[in-house]
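A.B. asks: The structure that follows is given in the form of structure tokens.
Nothing in this text is a laboratory measurement; each read-out follows from the coordinates by a stated rule. Predicted model, so just to flag it, every value in this text is computed and none were measured. All Cβ positions, even for glycine, are placed from backbone atoms using ideal geometry, and neighbour counts span all protein chains on display.
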Amino acid sequence: MKVKKAVIPAAGFGTRLLPYTKAQPKEMVCIYNKPSIQHVVEEAVNAGIEDILIIISRNKNSIEDHFDSVPELEKALKDKGKDDYLKEVQEISNLGNMHFIRQKEAKGLGHAIGMAEAFVGDEPFAILLPDDIMYSEVPVIGQLMKAYDEHGKSVLGVQPVEREAIRKYGIAGGKSLSDKDISVEVMVEKPEPEEAPSNLGILGRYVLTPSVFKYIKETKPGKGGEIQLTDAIEQQIHNEGVIAHSFDGIRYDIGNRLGYMIANLDYALRDEEVKGDLLEYIRTLNL
Ligand code: UTP
């Protein structure tokens, strides 16, 4: 069955970007020229996703507003002949069918995904964590959707991570099926490097089969009362098999200050209009 729906959980607190996130959604931080969540929605749409559900919470209404149309603004831009801006603004509100739902309490990523059951129904679906921004020729979620078509099993997007970074990620280990795919046998949350089953970090992109909803319901709250998505995926590993697919692309973790700065710099340097002046400015820093 073709993957047509995506879920973007965006109801977390964004503690690592405080104080910015005290009253602003971290998904609305600007990565060079657009809110981070727009980069993620565009990735899904470019991969052929038709319906997108964003899970939001209090203080996150600006996410919903961003994908709405603003007739007064469009009229003003048209009257002033600012056609480039008009086109950009209109494109955002035509990015696909956007749906929103509120998670009233931050009870964990698994709980947030569980809220998507009525939207997803009995179909495989994509999950994009909006902290991870992907820069790639072929949309990363599209690469995972292709792997799902081949294997018919849940797919986790992975990339090798530095040894010292292993303890920050969920790590997948298993039997190699091809140069890009492994059949997952174990998944360990934030292991010490010497105990990790591999160096393949699970990095914010998934295609899951709908059985995950059953397993989420069976999952007991863990640390901090949160329901972990990884616990439900572990059930899928044991009961139906799960694939980890090494995707091509550059991944930015914009949920922390350094990753956020690096993403901004890289995206700015890809824009020929500012690249020259920006590089010249960087040279004046005499680092
Ligand atoms: P994180 O664990 O990164 O939490 O959530 P966070 O709140 O976003 O950020 P920090 O760690 O406090 O800085 C992973 C993803 O799951 C979503 C988050 O919005 C993020 O996209 N999430 C997490 C929810 O939607 N609901 C939750 O209850 C927890």
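A.B. asks: So what's the Cα pair-distance distribution over segment 1-95, bin width 10 Å, in %?
C.D. replies: Going out from 0 Å in 10 Å bins, segment 1-95 shows 15, 41, 32, 12, 1 percent.
A.B. asks: Follow-up. Tell me, what HN-Hα J-couplings in whole Hz come from the Karplus equation 6.51 cos²θ - 1.76 cosθ + 1.60 at θ = phi - 60° for each residue of segment 120-127, using x for Gly and Pro?
C.D. replies: Karplus-based 3J(HN,Hα) across segment 120-127 equals 6, x, 9, 10, x, 8, 9, 10 Hz.
A.B. asks: Among LYS78, LYS146, which comes first, second and so on when ranked by fewest other beta-carbon atoms within 10 Å? Could the numbers behind the result be given before it?
C.D. replies: Numbers: LYS78 12, LYS146 16.
Fewest to most other Cβ atoms nearby, the residues stand as LYS78, LYS146.
A.B. asks: Any idea what Rg and Dmax come out to for the chain if you just take the C-alpha atoms, in Å?
C.D. replies: When restricted to the Cα atoms of the chain, Rg and Dmax are 19.6, 63 Å.
A.B. asks: Taking amide H positions as placed in the peptide plane 1.01 Å from N, state which residues far from GLY204 in sequence (5 or more) or on other chains have amide H under 5 Å from it.
C.D. replies: none
A.B. asks: Hey, any idea what Rg/Rh is for segment 125-199, computing Rh the Kirkwood way over Cα pairs?
C.D. replies: Ratio of gyration radius to Kirkwood radius: 0.96.
A.B. asks: With an 8 Å cut-off on Cα pairs and a minimum separation of 6 or more residues, tell me the relative contact order of the chain in percent.
C.D. replies: Values: 529 pairs, mean separation 64.1, N = 287.
Contact order relative to length: 22 percent.
A.B. asks: Taking H placed 1.01 Å from N in the peptide plane, check which residues at least 5 places from PHE100 or on another chain put their amide H under 5 Å from its amide H.
C.D. replies: For PHE100, the qualifying residues are ILE54.
A.B. asks: Tally Lys/Arg at +1 and Asp/Glu at -1 over every other residue whose Cβ is under 15 Å from the Cβ of ARG167; what's the total? Write out the running numbers ahead of the final one.
C.D. replies: Working: positive: ARG163, LYS168, LYS190; negative: GLU162, GLU164, GLU189, GLU192, GLU194, GLU195, ASP253.
Net charge in that neighbourhood comes out at -4.
A.B. asks: Give the order of THR219, THR230 when sorted by the count of other beta carbons within 10 angstrom, beginning with the fewest. Let's see the in-between values first.
C.D. replies: On the way: THR219 22, THR230 17.
The most exposed by this proxy come first: THR230, THR219.
A.B. asks: Separate question: With only Lys, Arg, Asp and Glu charged, each at its Cβ (+1 for the first two, -1 for the last two), find how big the charge dipole of the chain is about the Cα centre; round to the nearest 20 debye.
C.D. replies: That gives the chain a dipole magnitude of about 800 debye.
A.B. asks: Separate question: For segment 143-287, what is the relative contact order in percent, using Cα pairs closer than 8 Å and at least 6 residues apart in sequence? Let's see the in-between values first.
C.D. replies: Values: 217 pairs, mean separation 38.3, N = 145.
Rounded, it is 26 percent for segment 143-287.
A.B. asks: Summing Lys, Arg as +1 and Asp, Glu as -1, what charge do residues with Cβ under 10 Å from the Cβ of GLN235 carry, GLN235 excluded?
C.D. replies: Working: positive: LYS214; negative: GLU218, ASP231, GLU234, GLU240.
Here the count lands on -3.
A.B. asks: While we're looking at this one, here's another question. Out of VAL41, ILE141, THR15, whose Cα points farthest toward the positive end of the dipole of the chain (charges: +1 Lys, Arg; -1 Asp, Glu; placed on Cβ)?
C.D. replies: Towards the positive end, the residue furthest out is THR15.
A.B. asks: PHE247's amide H: which non-local residues (gap 5+, or another chain) put their own amide H closer than 5 Å, with H modeled 1.01 Å from N in plane and none for Pro or chain starts?
C.D. replies: Residues meeting the amide H criterion: VAL158.
A.B. asks: Another question, then. Would you mind ranking GLU240, GLU105 so that the residue whose beta carbon has the fewest other beta carbons within 10 Å leads the list? Please report the intermediate quantities before stating the final value.
C.D. replies: Values: GLU240 12, GLU105 9.
Sorted ascending by nearby Cβ count, the order is GLU105, GLU240.
A.B. asks: So, by mean Cβ neighbours within 10 angstrom, what's the order for 248-258, 27-37 with the highest one leading? Before the final figure, lay out each step's value.
C.D. replies: Values: 248-258: 16.8, 27-37: 19.6.
Put in order of decreasing packing, that is 27-37, 248-258.
A.B. asks: Please tell me the relative contact order of segment 23-63 in percent, rounded to the nearest whole number, where contacts are Cα pairs under 8 Å and at least six residues apart. Could you put the intermediate results ahead of the total?
C.D. replies: Numbers: 21 pairs, mean separation 22.0, N = 41.
Dividing the mean separation by the residue count of segment 23-63 yields 54 percent.
A.B. asks: Another one. If you take the Cα Rg of segment 86-226 and divide it by 2.2 N^0.38 Å, with N the number of residues, what do you get?
C.D. replies: It is 1.16.
A.B. asks: From the backbone phi of segment 82-90, what are the Karplus-calculated ³J(HN,Hα) couplings (6.51 cos²θ - 1.76 cosθ + 1.60, θ = phi - 60°) in whole Hz, Gly and Pro given as x?
C.D. replies: With coefficients 6.51, -1.76 and 1.60, one gets 8, 5, 5, 5, 4, 4, 4, 5, 5 Hz.
A.B. asks: Additional query: From the phi of every residue in segment 206-212, what ³J(HN,Hα) in whole Hz does the Karplus formula 6.51 cos²θ - 1.76 cosθ + 1.60 yield, where θ is phi - 60° and glycine or proline is x?
C.D. replies: Using θ = phi - 60°, the values come out as 9, 10, 10, 7, x, 4, 4 Hz.
A.B. asks: Sort 5-11, 40-46, 190-196 by the packing proxy (mean of other Cβ within 10 Å over each peptide's residues), most packed first.
C.D. replies: Values: 5-11: 24.7, 40-46: 21.9, 190-196: 12.9.
Highest-to-lowest ranking by the protection proxy: 5-11, 40-46, 190-196.
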